[in-house]
Amino acid sequence: MKSKLNGLLILVLITIGLLVSCMSTGEYKSLSQDAKVIGTVQATFISTPGFSKEPVNIQAYVRLLEEAHKRYEGNIDVGDILWTTSRRIDNSADYEFVASGKVVLYGQD
């Protein structure tokens with residue numbers, strides 16, 4: 001009986017761990033308080049999350065910068081990036097991510 005309870009407890013802990021690990025969030029490229037924020041952008045993208053958040057950070061940054069260039073002109077950049085997984089794509093290892101960030105204008109005081 002005790003071994004069955006231990007086995008069940010381990011199964012529950014593994015299941016909870018897997019569920020929690022599937023929902024991933026991240027923050028990237030913090031801005032200073034004196035940054036000249038001119039707006040915000042949002043984007044979605046598909047990625048295969050791994051053990052490192054760096055590839056997702058970079059994809060979020062690139063997609064948000066693309067969106068920023070569609071809406072704003074000048075020497076702009078994106079910072080204070082927040083991203084999270086939205087949903088798993090079918091039966092693949094890919095997930096849809098949603099990212100948002102602040103658009104900053106440089107060099108035009």
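Read the figures in this text as sums done on the coordinates, not as results from a lab. Keep in mind the model is a prediction, meaning the values are calculated, not measured. Note: ideal-geometry Cβ built from the backbone for every residue, glycine included; neighbour counts use all protein chains shown.
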Stretch LYS29-THR44 to full length: gain in nm at 0.36 nm per residue minus the Cα-Cα span? 3.6 nm
Any idea how far apart ASN91 and VAL37 come out in nm if each label point goes 7 Å out from Cα toward Cβ? 4.4 nm
In order through segment 57-67: 3J(HN,Hα) via Karplus (6.51 cos²θ - 1.76 cosθ + 1.60), integer Hz, x for Gly, Pro: 4, 5, 4, 4, 4, 4, 5, 5, 5, 4, 4
Between TYR106 and SER52, what is 0.36 nm times their sequence separation minus the Cα-Cα distance? Round to one decimal in nm. 16.4 nm
